Amino acid sequence: MRIDRRTAFRRLALISVGTALLPSCMGDHSKAAVVLKNFAVDRDQERLLEELAATLIPSGTTPGAREVSAHLFALKMLDDCASTADQQQFLRGLQRFDDAGRTLPGGSFVKADPPARGSLLTSIENGKLADKDLKFCYSTTKKLTILAYSSSQYYLTRVRVYELVPGRFHGCVPVKAGPAS
């Protein structure tokens, strides 16, 4: 069988590209999307945090917390700014939140419908679930989700338009004379 030079180069290029892409196909898909230095979360925990943030600020006619990646912001802030004790307490609380979510009709918080999710969050806020770690995880996630959303590009350009100091110059406004000193 004769192969010309063009066919040989084409096959060699195809084999090279396939060899380069093969490790990415065989990687660990349980890793989280964000790389953290001080603590680790798996893909399921990240998904749980994403659904919690999306329940706190849902999507509608405007983007919600999921669209601005508020859960990734929360994880990064915890990694960079929280103490090791707070990080461990947050992870314990996230596990307790997952356990509490398994009592919902869908079998988990991620698979539950919005009214069931809301009832779980209401029971946490009202203190019916009196776990200290769970309460810390929920309050931290809520605080960081609101911070992420209110400092997102969408919010600062569409909802509350942010202007840099000193603001606009209005040259056509007459200046009134102040009191004589």
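The figures follow:
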{"quantity": "Tabulated pairs, region 72-91, first hydroxyl-bearing (Ser, Thr, Tyr), second surrounded by 14 or more Cβ atoms within 10 Å (Cβ to Cβ), C-beta under 9 angstrom, 6+ apart or interchain", "calculated": "Thr84/Phe39"}
{"quantity": "Residues (under 28 Å from Ser119 (Cβ atoms) and of a type in the set (Val, Ile, Thr)) located in region 138-170", "calculated": "Thr140, Thr141, Thr145, Ile146"}
{"quantity": "Test set (1) among the hydroxyl-bearing types (Ser, Thr, Tyr); (2) assigned to a loop (DSSP other than H, G, I, E, B); (3) surrounded by 14 or more Cβ atoms within 10 Å (Cβ to Cβ) - Thr55 fails condition number", "calculated": "(2)"}
{"quantity": "Some residue of region 84-96 being surrounded by 11 or more Cβ atoms within 10 Å (Cβ to Cβ) and touching a His at 6+ places or on another chain (Cβ under 7 Å)", "calculated": "no"}
{"quantity": "Filter result (of a type outside the set (Ser, Thr, Tyr), part of a loop (DSSP other than H, G, I, E, B) and either more than 28 Å from the chain's Cα centre (by Cα) or modelled with pLDDT under 80 (or both)) within region 13-38", "calculated": "Met26, Gly27, Asp28, His29, Ala32, Ala33, Val34"}
{"quantity": "Some residue of region 128-141 being over 18 Å from the mean Cα position of the chain (by Cα), at pLDDT 90 or above and among the hydrophobic types (A, V, I, L, M, F, W, C)", "calculated": "yes"}
{"quantity": "Filter pass, Leu75 being hydrophobic (A, V, I, L, M, F, W, C) and part of a helix (DSSP H, G or I)", "calculated": "yes"}
{"quantity": "Candidates Tyr149, Tyr162, filtered to the one that is part of a loop (DSSP other than H, G, I, E, B) and under 30 Å from Leu78 (Cβ atoms)", "calculated": "Tyr162"}
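Each row is one residue, and each column tells you yes or no for (1) surrounded by 12 or more Cβ atoms within 10 Å (Cβ to Cβ); (2) out of contact with any Lys or Arg (no Cβ under 9 Å at 6 or more places or on another chain); (3) of a type outside the set (Asp, Glu); (4) over 18 Å from Asp44 (Cβ atoms).
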{"site": "Lys111", "(1), (2), (3), (4)": "yes, yes, yes, no"}
{"site": "Ser123", "(1), (2), (3), (4)": "yes, yes, yes, yes"}
{"site": "Thr145", "(1), (2), (3), (4)": "yes, yes, yes, yes"}
{"site": "Tyr149", "(1), (2), (3), (4)": "yes, yes, yes, yes"}
{"site": "Arg158", "(1), (2), (3), (4)": "no, yes, yes, yes"}
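The values are calculated or read from the model by the stated rules, or taken from the named source; none is laboratory data. Since the structure is predicted, the reported quantities are computational estimates derived from the model, not experimental observations. Neighbour counts are summed over all protein chains in view; Cβ atoms, including those assigned to glycine, are modelled from backbone coordinates with ideal geometry.
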